[in-house]
Amino acid sequence: MARRLGICAYIEHYRKSIVFTHHLGAGSRNRLGHYDPAHNAIVVSRIFDHPRIPRYAIEYIVYHEMLHLKHPVKLRGSRRCVHSAEFQAEENLFPQLEKATGFLKQL
């Protein structure tokens with residue numbers, strides 16, 4: 001439970017500075033969501049705007065994208081590192097990670 005409360009506090013802290021929308025626009029069919037730093041917004045695919053989508057899946061998408069705020073892209077030579085080791089370690093703290101990623105793979 002404490003682990004869950006920590007994640008909720010993290011989401012609540014960053015939620016105040018983010019606009020949520022469910023429109024990805026043309027050419028983004030394969031993306032479930034992304035963080036748009038130009039607009040300081042999390043953009044989530046319309047497929048999540050459906051009653052059959054479990055809350056934990058949406059929470060995971062939002063949590064993952066919020067981690068991009070905390071762990072921005074790093075350059076390693078000419079390569080971009082979008083999901084650093086630090087990013088992945090914190091992502092692994094999501095309480096229902098396996099359940100959420102399993103569900104998302106079925107979409």
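Tabulated values for the structure
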read-out: Shape call, segment 37-79: gyration tensor on alpha carbons, a/c limit 1.5; value: prolate
read-out: Förster radius 25 Å - calculated FRET efficiency between ALA41 and LYS70 (Cβ-Cβ, nearest 0.05); value: 0.95
read-out: In sequence order, calculated HN-Hα J values of segment 32-42 (Karplus, 6.51, -1.76, 1.60; Hz; x Gly/Pro); value: 7, x, 7, 9, 9, x, 5, 10, 6, 9, 9
read-out: Spin-label pair HIS50/ARG80, simplified geometry with 7 Å Cα→Cβ offset, distance in nm; value: 2.9 nm
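Where a number appears in this text, it was derived from the coordinates with a stated rule and is not lab data. Quantities reported herein were computed from a predicted structural model and do not represent experimental measurements. Reconstructed Cβ throughout: ideal geometry from the backbone, glycine too, with neighbour counts over all protein chains shown.
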